[in-house]
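Have a look at the structure below before the remarks.
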Amino acid sequence: MPILPQPPAGRCPHGRLLWASPALPGAVHDIRAARTHGIIETLTSVNLPCWADKAYRGPGGTLRVPYRGRSETLSAGQQAHNRSHAKIRALGEQAVATLKSWRLPRNLRCSTTRITDPVKAILTLHLSSAA
């Protein structure tokens, strides 16, 4: 799952897509893609906190992940943290749902290395129409 940076106060993206990275092969794990594109280092260098799913365990920086384990084994504080974390991540999930709803990327029959430019163009149009 993509990570969702916490925007400055008063400027919440409300689950809108903000950026599209160059495509990588489908077998590349999310954490490796984030490292490849320098996302974790960039967010850390500007001290911008971001919320990620459990797959992002261990990269450090400003990445925040939920506690692992079944709900029954977590303390009340850990459960509250995970609930709060899930509410924030829901905005990122809305952004992914928006991307998946676009018809063009679903119907493209080309190499993943060539899909980046069309996705960026669609993102630009989407953001300009939402403004």
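The values are calculated or read from the model by the stated rules, or taken from the named source; none is laboratory data. This structure is a prediction, so every number in the text was calculated from the model and none was measured. Heads up, the Cβs are rebuilt from the backbone with ideal geometry, glycines too, and the neighbour counts pull from every protein chain shown. Heavy atoms of the whole protein, side chains included, go into the accessibility calculation; ligands, DNA and RNA do not. Shrake-Rupley method; radii C 1.70, N 1.55, O 1.52, S 1.80 Å.
Here are a few things to note about the model shown:
- Residues whose amide H comes within less than 5 Å of that of Arg64, counting only those at least five positions distant or on another chain, are Cys50, Trp51, Ala52 (H built at 1.01 Å from N in the peptide plane).
- Of the trypsin sites (Lys or Arg not before Pro) in the stretch 66-131, those whose Cβ has at most 13 other Cβ within 10 Å and which sit in DSSP loop: Arg68, Arg70, Arg109
- Cβ-Cβ FRET estimate between Leu108 and Arg32, R0 fixed at 35 Å, reported to 0.05: 0.90
- The stretch 26-88, relative contact order [Cα under 8 Å, separation at least 6], %: 25 percent
- On a per residue basis, the stretch 47-111 carries 64 Å² of accessible surface, using protein heavy atoms and a 1.4 Å probe.
- Scalar couplings 3J(HN,Hα) for the stretch 38-45, obtained by applying the Karplus form with A = 6.51, B = -1.76, C = 1.60 to θ = phi - 60°, are x, 5, 5, 5, 5, 5, 5, 5 Hz; x denotes Gly and Pro.
- Couplings 3J(HN,Hα) of the stretch 54-66, computed from phi: 5, 5, 8, 3, x, x, x, x, 9, 6, 10, 10, x Hz, in residue order, whole Hz [Karplus 6.51 cos²θ - 1.76 cosθ + 1.60, θ = phi - 60°; x for Gly and Pro].
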